1. Looking at B:Gln44, B:Tyr9, B:Ser102, which one has the Cα that reaches farthest to the positive end of the dipole of the range B:1-112 (charges on Cβ: Lys, Arg +1; Asp, Glu -1)?
2. From the alpha carbon gyration tensor of the range A:12-117, can you work out the equivalent ellipsoid semi-axes (sqrt of 5 times each eigenvalue) and give them in Å, largest to smallest?
3. Counting only other chains, and only Cβ atoms inside 10 Å, what mean value do you get across the residues of A:74-82?
4. Have a look at B:Tyr65, B:Tyr41, B:Tyr25 and tell me which one the Gaussian network model of chain B (Cα, springs below 10 Å) gives the largest fluctuation.
5. Between B:Val90, B:Val46, B:Val112, find the one with the highest GNM mean-square fluctuation for chain B; connect C-alpha pairs within less than 10 Å.
6. Give the nm distances, rounded to one decimal, from A:Phe140 to the matching residue in every other copy, measuring between label points 7 Å along Cα toward the beta carbon; shortest first.
7. By how many degrees, 0 to 90 and rounded to 10, does the Cα axis of helix A:110-125 deviate from the longest principal axis of chain A?
8. For every helix of n ≥ 4 consecutive DSSP H residues, a contribution of -39,500 (n - 2.57) applies; sum these over chain B, divide by its total residues, and give [θ] at 222 nm rounded to the nearest 500 deg cm²/dmol.
There are 2 protein chains.
Amino acid sequence: MKISTKGRYALRMLVDLADHRGEGYIALKTIAERQDISKKYLEQIVPILTRSDILLTNRGFQGGYMLGKDPAHITVGEILRLTEGSLEIVNCIISDGRNTCSRSADCPTLPVWAGLNKVINDYLDSITLQDIVDQAAEHFANDYMI
Amino acid sequence: MKISTKGRYALRMLVDLADHRGEGYIALKTIAERQDISKKYLEQIVPILTRSDILLTNRGFQGGYMLGKDPAHITVGEILRLTEGSLEIVNCIISDGRNTCSRSADCPTLPVWAGLNKVINDYLDSITLQDIVDQAAEHFANDYMI
DNA sequence: TGAAAGCCTACAAAATCAGTAGTATTATAG
DNA sequence: CTATAATACTACTGATTTTGTAGGCTTTCA
């Protein structure tokens, strides 16, 4: 029951881009170095995001990546649903809320998982990239005040 | 990001026992057949629970298993923390709330995971075996009323 | 004393994770 | 028009986890 590096790295990359918003397209090499993540591995994760509207890409010389939307309109839930495939916490339930298991009609535990799903998705959908950037800035300011 | 069969089977087994409370020790064979789970596999999951106080065991002839506590005092969170090892959603954080990653001091995404952890644990700790049994009974009653 | 139960340990197929590697394609500067 | 700097695509791989099977051992009671 873990979120994989795929989702964690994607989030870190997008937060990095939100942090450097307004600097145009940023090369993956730069991000990989700043975040200390294998560039080759990131290369595999990134296309998942470019296929949606949250990440824009430019190939060739001086190419790179740029956020496609306002960080305040990109939620963590959105990012993780793309990179983790799905946030469904059990195989008993598939993405559209329908269920697959033959026992589902009478399964007393199914409502537990459905509720857990909702709690997780609601929480992750409530946090935007902008929230993360803002909170980090606040954290930094507090450090200075000590 | 999934809860494994280990946790799901353990929960189903304990709900089954809660359903048949007052019938003394119940053989694993019976539970495995009722729940359609491999008895041999259940055998491996069960010792995790007997080591805690939620499940009592009796060996030998007419042995079996019995809940060790009132179902109203056994939470889903308790069961899953035992069987899934931990409910921590990322490797960045370990069970006692301390963190392992070298980037943790400045990691802007860490609070997101800490918050997700709290949301998940709070939800799962809020549901007891008795809640599940009650809700299933209600569901059954509603079916009859239609 | 024998049958019914749980206990313990080893093994293994399949899936998933976390990358590495190499090649192809695209875009721009000069 | 070509060298270069960047992304895109695809294949492979070692390690770990998941989901069981299998078999023998021990305990309890009729």
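Bear in mind that the values in this text are calculations on the coordinates, not laboratory data. Computed from a prediction, not measured in an experiment: that's the story for all the values here. Using ideal geometry, Cβ is built from the backbone for each residue, glycine included, and neighbour counts are taken over all protein chains shown.
1. The one lying farthest along the dipole's positive direction is B:Gln44.
2. 36, 13, 11
3. For this peptide, the per-residue mean of nearby foreign Cβ atoms is 1.
4. Greatest mean-square fluctuation among the candidates belongs to B:Tyr41.
5. B:Val112
6. Spelled out, the distances from A:Phe140's label point are 5.9 nm.
7. It is inclined by approximately 20 degrees.
8. -16500 deg cm²/dmol
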